[in-house]
């Protein structure tokens with residue numbers, strides 16, 4: 001988001017705001033021109049807070065509406081004053097002064113109201129002075145001034161949108177990197193734990209001089225399956241699922257756990273809830289084969305399928 005100091009940005013426009021009425025004020029009989037004085041009070045009372053007030057770039061809608069109302073009233077008051085004293089020299093500041101107000105609200109991110117104010121200004125001045133007002137009263141300069149403000153407003157808005165998009169992408173990238181690092185760290189911890197469990201068995205096997213007895217062979221087989229689970233099951237191998245897999249294998253069930261990343265974006269509590277549902281539906285299984293799979297880019301997070309050889313319909317076929 002682009003940040004601009006109000007005082008730094010408003011310095012030159014503020015000086016210009018005060019400079020514009022000076023020539024008219026110096027004309028004779030200024031104290032008797034009450035309508036112009038009222039217009040000047042409105043002009044300054046609206047212009048100063050619009051330039052200086054409120055943090056950030058965008059002003060509230062109510063202040064922009066006050067500026068729009070001032071842009072409608074100021075030319076009308078000056079026309080009344082000129083008609084009252086029959087002197088078109090007074091109030092020459094009103095065209096560019098109104099343009100300053102409209103340009104300010106355009107830059108401060110209220111461009112639609114600035115366009116409405118510009119249309120009102122052009123209409124009133126042309127109706128009062130005719131087409132010559134575009135040259136004589138500086139209407140062309142006022143239009144260019146406001147259009148420049150609208151261009152600045154659009155440029156700032158686009159720059160802010162691009163900055164916000166970049167920050168959003170950066171946040172997502174940092175979150176993805178953090179999640180990946182956390183997943184890698186968790187996987188390394190799991191593998192280290194499994195290796196700590198495997199080392200005694202591997203040492204026993206490597207140092208054995210005789211054929212392994214059935215109990216040792218079965219223990220080695222379970223260790224192999226555990227290592228495979230950790231490699232293929234990844235983030236699914238939470239403690240409660242490990243217990244359930246061990247229970248099923250104790251019953252002679254062939255179990256495969258496949259983590260393809262379908263639950264990588266879920267928090268731990270949600271993962272545990274889904275796995276608990278899967279475990280609950282597996283309580284009816286006493287034999288055969290069980291496949292627990294977490295596919296990526298599917299409408300579901302986890303599938304659980306339990307089959308028995310020779311039986312067409314699965315014992316369990318659930319999606320979570």
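The values are calculated or read from the model by the stated rules, or taken from the named source; none is laboratory data. Remember, it's a predicted structure, so these values are computed and weren't measured experimentally. Methodologically, a virtual Cβ is constructed for each residue, glycine included, from the backbone with ideal geometry; neighbour enumeration extends over all protein chains shown.
Worth pointing out:
- Of all residues assigned to region 257-273, none qualifies as being assigned by TED's automatic domain parsing to the domain that holds residue 311, assigned to a strand (DSSP E or B) and in contact (Cβ under 8 Å) with a residue 40 or more places away in the chain.
- Spans of helices (runs of 4 or more DSSP H) in region 76-154 with at least 1 residues free of Cβ contacts under 8 Å to residues at least 40 places away in the same chain: 111-129, 133-136
- Residues of region 35-67 that are part of a helix (DSSP H, G or I), buried (at least 21 other Cβ atoms within 10 Å of the Cβ) and under 42 Å from the mean Cα position of the chain (by Cα): 43, 46, 47, 50, 51, 64, 67.
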